[in-house]
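Peer 1: Mind looking over this structure? Questions follow.
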Amino acid sequence: MKLAQSYSEILERIQSIDPVAYGKSRNFENGKVTELSPYISRGIISTKTVVDALRSRGFTIQQMLPLVQQLSWRDYFQRVGQHRPNLDREALRAEQDPIAHHQLPISILEAKTGITAIDRGILKLMEEGMMHNHVRMYLASITTNVAKAHWCLPAKWMYYHLLDADFASNFISWQWVAGASRDRKYFANQDNINHFCNTNDRNTFLDQDMESFPLKEIPAVLKPKTGISLVTTPVETEAISINPHLPTCLYTVYNLDPQWRQEKEYNRILLLDPLFFERFPMADHTLDFVVSWAQKIPGMQIFWGSWDELVNYCRGQKIYQKEHPHLKFWGTEVDERDWIFPEIDGFFPSFFGFWKRAEKIIARW
Ligand SMILES: Cc1cc2nc3c(=O)[nH]c(=O)nc-3n(C[C@H](O)[C@H](O)[C@H](O)COP(=O)(O)OP(=O)(O)OC[C@H]3O[C@@H](n4cnc5c(N)ncnc54)[C@H](O)[C@@H]3O)c2cc1C
């Protein structure tokens, strides 16, 4: 995947989206997906930016619908996150069952499951920090429903490597696959993977009829397991200097919006809090991605430390932040995030309740 180097490059990409081709091919590993998630997850653009651009280009609702629906999944997960802030460690509905252990299969960590599409997907995840949605589903299914590992640590491992790592989209998706957020589990067999990933694997542990799942035995290649420790490397920073006559805009790993409050002058600080990374560790390439986008915002300073330490620097001044369920800092003035459907703001146990409300609004577009 070629990463965008500037905000205008992201906007150009949005302008070049073909929503019809997207709808037809998005489930295929080589389908015409947008690859916008790193920029959406990091708050560089919003889901609404993408929807507004599609609408202004004059597509019909039918043409836009598949992409609008996927973007709505993201907003839906964010809303769940607002109401269930511990969803990275607590099942939304019922605990996964059965569970053999709370570790990770070594063959997954080493990209040696023997399933070509999964192994190359894991390598891409480690090297580029990206993975196609279907491959994420296959991998989560093999880990939780075939190897019977509890969803929590593997989800944290995937989050660690993803450029688009998002606490809601990631952990809820793992729960969804493992049957912790709903009363079903997700399975895919080898035929399904071969079809969507253009591979020809045969005689793998997934080469079974769908009726054979869940498998009675954990396949031998998935049995050796290990715990892992995920460490965030501290970012080397210079001492920050705060202009005492200006308010401060606070940026985080989930808010790197270069358009935010640009009409006036502010101190602009990216807060990287080690305590946050203890709970949500990030790989070097992900943190590099965050820092590189922060540095594109003029005047940005990077602070590696706690909120309390930062407040000492900004004593008495107004501090603005953008709303986020996991990065709530006391004493700040909170700006709302952009949503596709700001009016749908409650908790919905399933996407379909949310989507029914959304469809009524879309019908009026
Ligand atoms: C196990 C698992 C873990 C995941 N972890 C994350 C994560 O940490 N961060 C993340 O942003 N997405 C996550 N997803 C959702 C999805 O895989 C990615 O958003 C998608 O692959 C990003 O690629 P894209 O931008 O080309 O998507 P496109 O298909 O082009 O979709 C456009 C946008 O819609 C949103 N979107 C699309 N599909 C989904 C989906 N299934 N759920 C939520 N939003 C979606 C994303 O913002 C995406 O950028 C996860 C899915 C699974 C199954």
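Peer 1: So which residues in the stretch 221-239 are at pLDDT 95 or above, of a type in the set (A, V, I, L, M) and either farther than 30 Å from residue 206 by Cα or assigned to a strand (DSSP E or B) (or both), if there are any at all?
Peer 2: Answer for the stretch 221-239, where residues must be at pLDDT 95 or above, of a type in the set (A, V, I, L, M) and either farther than 30 Å from residue 206 by Cα or assigned to a strand (DSSP E or B) (or both): 231, 235.
Peer 1: Right, something else. Of the conditions (1) over 21 Å from the mean Cα position of the chain (by Cα); (2) within 9 Å of the ligand (Cβ to nearest atom), residue 20 clears all except one; give me its number.
Peer 2: (2)
Peer 1: Let me ask another. Of the residues 286, 226, 232, 237, only one is of a type in the set (Ser, Thr, Tyr) and farther than 30 Å from residue 119 by Cα; which?
Peer 2: 237
Peer 1: Return the residues of the stretch 1-22 that are aliphatic (A, V, I, L, M) and part of a helix (DSSP H, G or I); say none if nothing qualifies.
Peer 2: Within the stretch 1-22, 10, 11, 14, 20, 21 qualify.
Peer 1: Given the residues 268, 261, which is the only one that is outside the structural domain of residue 157 (by TED's automatic domain parsing), in contact with a strand residue (DSSP E or B) (Cβ under 9 Å, 6 or more places away or on another chain), in a strand (DSSP E or B) and within 21 Å of residue 337 (Cα to Cα)?
Peer 2: That would be 268, the only listed residue that is outside the structural domain of residue 157 (by TED's automatic domain parsing), in contact with a strand residue (DSSP E or B) (Cβ under 9 Å, 6 or more places away or on another chain), in a strand (DSSP E or B) and within 21 Å of residue 337 (Cα to Cα).
Peer 1: Name the residues in the stretch 160-188 that are more than 26 Å from residue 214 (Cα to Cα) and within 7 Å of the ligand (Cβ to nearest atom), would you?
Peer 2: Scanning the stretch 160-188 gives 162, 164, 165, 166.
Peer 1: While we're looking at this one, here's another question. Out of the stretch 24-44, which residues are of a type outside the set (S, T, N, Q), near the ligand (Cβ under 6 Å from one of its atoms) and in a loop (DSSP other than H, G, I, E, B)?
Peer 2: Answer for the stretch 24-44, where residues must be of a type outside the set (S, T, N, Q), near the ligand (Cβ under 6 Å from one of its atoms) and in a loop (DSSP other than H, G, I, E, B): 26, 33, 35, 36.
Peer 1: Let me ask something additional. Mind checking which residues of the stretch 92-105 are crowded, with 16+ Cβ neighbours inside 10 Å and either out of contact with any strand residue (DSSP E or B) (no Cβ under 8 Å at 6 or more places or on another chain) or among the β-branched types (Val, Ile, Thr) (or both)?
Peer 2: Correct list: 92, 96.
Peer 1: On the basis of being small (Gly, Ala, Ser) and either within 11 Å of the ligand (Cβ to nearest atom) or not in a helix (DSSP H, G or I) (or both), does residue 81 make the cut?
Peer 2: No; evaluated as a whole, the condition is false for this residue.
Peer 1: Related question: Does residue 257 satisfy the condition of being within 16 Å of the ligand (Cβ to nearest atom), on the phi < 0 side of the Ramachandran plot and surrounded by 14 or more Cβ atoms within 10 Å (Cβ to Cβ)?
Peer 2: When the stated conditions are applied, residue 257 passes them.
Peer 1: Got a number for residues in the stretch 113-159 being more than 13 Å from the ligand (Cβ to nearest atom) and either among the hydroxyl-bearing types (Ser, Thr, Tyr) or outside the structural domain of residue 220 (by TED's automatic domain parsing) (or both)?
Peer 2: Qualifying residue count, the stretch 113-159: 2.
The values are calculated or read from the model by the stated rules, or taken from the named source; none is laboratory data. Keep in mind it's a predicted model, so treat the numbers as computed, not measured. Reconstructed Cβ throughout: ideal geometry from the backbone, glycine too, with neighbour counts over all protein chains shown.
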